Structure formats: C-alpha cells, structure tokens
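Only one structure is covered here, and it is reproduced in the block below.
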Amino acid sequence: MAATLVSIIYGVTFTIAKDVMPEFIEPFGFIVLRVGGSVLLFWMVSFFGPKEKIATSDFPRIIAAAFFGVALNMLTFFKGLSYTSPIMGAVLMVTTPIIVLILSAIIMKERMLKRKVFGIFLGLAGTVSLILYGKSMINAPNEMLGNLLVFINAISYGFYLIIVKKLMDKYNAFTFVKWIYTFGFIMVLPFGWNEFDAVNWNLIPTGIYWKIGFVVVFSTFLTYLLNLVSMRELKPTTVAVFIYLQPLFATIFAISLGKDDLSWVKIGSAILIFTGVYLVTQKKNVQ
C-alpha cells in the first residue's frame, strides 16, 4: 500500500512540477528548495519519533545513501528532463527495477527467479507502450545528454534502494532519514544556490506556491517516508518495480483533467503493468 501510494504521488507530481520548472524556478534551484524544505520537516518530525543513536560506523552508509538517493538522483533527473523529452526520460526511468535486480544479484546475492525476471519485463513492456502511445513528444534541446543524465539517475536510485535496506533493518526510519537529507542538502547546495538565489518570489502566483508546497511535502517528505516503510517489508527489487505504476497513475491524472483520453492500448498496458507487479511481489515461487 505504501509503495502504491508513492507511485500515485509521483504520477501526479510530474504534471505539477512542470508547471513550476523552469518558468518560475530553474531545475537545480528547485532541488535546493525541495531538499531544504524536506530537511526541516524531517528534523521536526524526528523529535516526536523514537530516540535511537546512530553508530558512527553507519554514517558512511548514510552519506552514500544521501549521495545516491538525494544528490545524484535528483540533480541528474531534473537536469536530464530539461534536456530530453518526457517520453524518453520516462522510458529510461523504468530501467530502475532491472538495474536493482542486477545489483541485488551481484551485491546482495539475491536469486534471480525466472518469475521475477518475467514480471519485470512484463511491467517494462506495459510501461513503454503506455508512455509511447499515451503522451506527446516535446522539443528536446539536447536529447543525448538528457537521456544519459536520466539513465544515471536510474542507476543512482538503484544503488540507493540497496544501500538504505541495511539501515532499515537496523534503525527506525525517522532516526536516519533526517541525516540522509541533511547530507544531501549539503551536497546539492553548491549546484543549485545560484539558481535558487535568482528566483523572483514576487512574480510567483499563489497557485505556484501551492504546487511548490506539494512537491516539498508530498512528493519528497511523504514519499521518502513511505518508501522506507515499504523497504522494511519488501525487497529492493520489489520496491523498484512499483516505478512501473507511476506512468499509469500519471495517465489517469491527465485523463481526469481532460488532457488525455482512454484507449485500448492504455488498457492493455495497464494489464501488463499490474501483472508484472503481481509476479514480482509474490513471496512464494510460482511454478
């Protein structure tokens, strides 16, 4: 349920964030605002959470999680989307579960069950068809660089899911996520401060402020907590496959606003996506 809710929020976020960026805030400047706001929220909430002390030996893992899960992940994704088209960016993003499956097999020695591999590729097929036939291409000023940056983001997020798993097994989420974002904020600040400083806040409409608040509170703060909750119960490969649901919910959101229509291609894609998620999330091996 937590992983599905994350997919719903992210599916809505793509449309909302595009209204803010780059017209009112440039990508890196938006990241500074997004991560900085989340740092404050995580620290505020942590005072009401369990009191645990993090072992000094675990801080290198926290710093690595901050680098792959916040800094490199967000910087490459936002910048990549500004160069490439949403379609190509989304197609490359759904390589994350495959990357996580491969990394898990190498790093965590997780078995690559045939059912799981088949489920991942079913979800991939459904997502690619949904994205290609459900959205329109837009101008891409530097598609090659943009695609490379988005692919780096997918690899980065795959590393993050694996790195943070051991922290979840040892601590409560509220104990360490504030540190992940604190270190992440320090990392993104040099890249985004000039763009953040250049924002003319007086020219930003009230509606855009609400959308910025949504991205900070729901798309960042809440989704990371929900992801950590899901990581406690599910394997990294299982959590990663839920990324396939994001374009599905993004399409539903667009249809509800009258910006898209329903077709048999989209219905078929949805069936493939949900079948893939079902196969990957089953705990018992289905013969």
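Since every read-out is calculated from the coordinates, none of them should be taken as a lab result. Computed from a prediction, not measured in an experiment: that's the story for all the values here. All Cβ positions, glycine included, derive from the backbone under ideal geometry; neighbour counts span all protein chains shown.
Here are the numbers:
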| read-out | value |
| --- | --- |
| DSSP-loop chymotrypsin sites (Phe, Trp or Tyr not before Pro) across segment 7-57, with at most 15 other Cβ within 10 angstrom | F47, F48 |
| Estimated FRET transfer efficiency (L203, L40; beta-carbon r; R0 22 Å; 0.05) | 0.35 |
| Separation in nanometres of the label points that stand 7 Å from Cα toward Cβ, at L189 and R115 | 4.9 nm |
